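Trainee: Please find one structure pasted underneath; my questions will follow.
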Amino acid sequence: ASAKAASGGDPGAMTQTQIEEAKIQEQSEIRARIRCYVDQASFAMDVLAALSLRPGNKPVFEEAMSDLMPHFVKLLKSPLTVMKTRQCLRHLVSLVVPRGAVSRPDLLADALMVAGKGWLERSPA
């Protein structure tokens, strides 16, 4: 291929080194986008967790939970955001789930993760 390029072959053809460099650059850009997404999601969940510590915010969270839950389920599916999401949900559960509504509210975040990943739908075989 290099002999063909040197002899005046296709001037638009990339060498193997250029192809590898392009792949590395593309991977770096993908990693940067993923890192940005994870950082933004982590920041948002930190803010939500902090806001959930104020009992006065309970009515706002009770109203917003139906809109937030699809996002939480999506975040629970990703290995990059699952830990932060479970942590955030534990804070929110303690605020919005009435005492006595479930016997173990501390496990609700974990139950959502299991449901979100579809683990219950898989066959044991």
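Trainee: Where does each of 62-72, 79-89, 37-47 land if you order them by average Cβ count within 10 Å, highest first?
Mentor: Details: 62-72: 12.8, 79-89: 17.5, 37-47: 14.4.
So the peptides 62-72, 79-89, 37-47, ranked by packing, come out 79-89, 37-47, 62-72.
Trainee: Ignoring ligands, DNA and RNA, what accessible area per residue does segment 21-84 give at 1.4 Å, in Å²?
Mentor: Details: 4670 Å² over 64 residues.
Result: 73 Å² of accessible area for each residue.
Trainee: Using the basic label-point model (7 angstrom from Cα toward the beta carbon), what is the Ala32 to Ala50 distance in nanometres?
Mentor: Label-label distance for Ala32 and Ala50, simple model: 2.7 nm.
Trainee: Hey, another quick one. Using a 1.4 Å probe over the heavy atoms of the protein chains, calculate the carbon and sulfur portion of the accessible area of segment 4-83 as a whole percent. Don't skip to the end; give the middle numbers.
Mentor: Details: 3660 of 6030 Å².
C and S atoms contribute 61 percent here.
Trainee: How far apart, in nanometres, would the label points at Arg104 and Asn57 be if each is projected 7 angstrom from Cα along the Cα-to-Cβ direction?
Mentor: Inter-label distance under the simple model: 2.7 nm.
Trainee: With contacts defined as alpha carbon pairs under 8 Å and 6 or more residues apart, what's the relative contact order of segment 16-115 in percent? Kindly include the intermediate steps, with their values, before the conclusion.
Mentor: Numbers: 59 pairs, mean separation 27.8, N = 100.
Rounded, it is 28 percent for segment 16-115.
Trainee: What do you get when you divide the Cα radius of gyration of segment 29-118 by 2.2 N^0.38 Å, with N the number of residues? Kindly include the intermediate steps, with their values, before the conclusion.
Mentor: Values: Rg = 13.5 Å, N = 90, 2.2 N^0.38 = 12.2 Å.
Computed over Cα atoms of segment 29-118, the ratio equals 1.11.
The values are calculated or read from the model by the stated rules, or taken from the named source; none is laboratory data. None of these values were measured; they are calculated from a predicted model. Virtual Cβ from ideal backbone geometry, glycine too; neighbours counted across all protein chains shown. What goes into the accessible areas is simple: the full protein's heavy atoms, side chains included, and nothing from ligands, DNA or RNA. Shrake-Rupley method; radii C 1.70, N 1.55, O 1.52, S 1.80 Å.
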